[in-house]
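Shown next, in structure tokens, is the structure this report addresses.
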């Protein structure tokens, strides 16, 4: 069942990457919420909520429209700790890849860069997924934005991406 939940989230992410109409993708994604909550998986629910946050940014929806869960996994840090405790390296990589994207959309370029740096050592667990390309795309964009205003030492570090 966890694989089915993960597949729902991956299908949604790939639909966004493919440029399908966001409203249709978002509506389909929300229709699976009750099923995903019943799985009670921090990994699956973390991806669900991160995808929800990405939609808020892409559609310009107010942050006040934040989604909440009817489970014990409503807190992001609790979900991440549980994923790490289960040694789900792919789950941790996806968490940081999505956080990287979200932070870029929010204009938090340093947080985007830092999330990418945390994901980088886990890259091997995500090979063959679009999440790797996504991570590098937003990591490079954040490095370029930070390079503009950085000190000479920071510029050297950001240029290394």
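The values are calculated or read from the model by the stated rules, or taken from the named source; none is laboratory data. Being a predicted model, the structure only gives us computed values, none of them experimental. Positions of Cβ are backbone-derived with ideal geometry, glycine not excepted, and every protein chain shown enters the neighbour counts.
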Condition test on residue 8, is it surrounded by 19 or more Cβ atoms within 10 Å (Cβ to Cβ) and at pLDDT below 85? no
For segment 38-60, the count of residues that are more than 17 Å from residue 101 (Cα to Cα) and touching a helix residue (DSSP H, G or I) at 6+ places or on another chain (Cβ under 7 Å) equals 6
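Does at least one position in segment 110-124 carry a residue that is at pLDDT below 90 and buried (at least 20 other Cβ atoms within 10 Å of the Cβ)?
no
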Across segment 19-32, what is the total count of residues that are surrounded by 15 or more Cβ atoms within 10 Å (Cβ to Cβ) and either closer than 27 Å to residue 84 by Cβ or out of contact with any helix residue (DSSP H, G or I) (no Cβ under 9 Å at 6 or more places or on another chain) (or both)? 2
Give the residue that is modelled with the highest pLDDT, with candidates limited to residues of segment 61-80 that are in contact with a helix residue (DSSP H, G or I) (Cβ under 7 Å, 6 or more places away or on another chain) and closer than 13 Å to residue 40 by Cα. 79
So, in segment 53-87, exactly how many residues are closer than 20 Å to residue 32 by Cβ and part of a loop (DSSP other than H, G, I, E, B)? 10
If residue 35 meets every condition in (1) modelled with pLDDT of 85 or more; (2) crowded, with 18+ Cβ neighbours inside 10 Å; (3) over 13 Å from the mean Cα position of the chain (by Cα); (4) under 23 Å from residue 75 (Cβ atoms) apart from one, which number is that one? (2)
Sole residue being in contact (Cβ under 8 Å) with a residue 24 or more places away in the chain and within 10 Å of the chain's Cα centre (by Cα), chosen from 134, 110: 134
Qualifying positions in segment 113-131 - touching a helix residue (DSSP H, G or I) at 6+ places or on another chain (Cβ under 7 Å), within 17 Å of residue 54 (Cβ to Cβ) and either free of Cβ contacts under 8 Å to residues at least 24 places away in the same chain or in a loop (DSSP other than H, G, I, E, B) (or both): 115
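Kindly evaluate residue 144 against the criterion of being in contact with a helix residue (DSSP H, G or I) (Cβ under 8 Å, 6 or more places away or on another chain) and loosely packed, with under 15 Cβ neighbours inside 10 Å.
On the way: in contact with a helix residue (DSSP H, G or I) (Cβ under 8 Å, 6 or more places away or on another chain): yes; loosely packed, with under 15 Cβ neighbours inside 10 Å: yes.
Considered against the rule, which asks whether it is in contact with a helix residue (DSSP H, G or I) (Cβ under 8 Å, 6 or more places away or on another chain) and loosely packed, with under 15 Cβ neighbours inside 10 Å, residue 144 comes out as yes.
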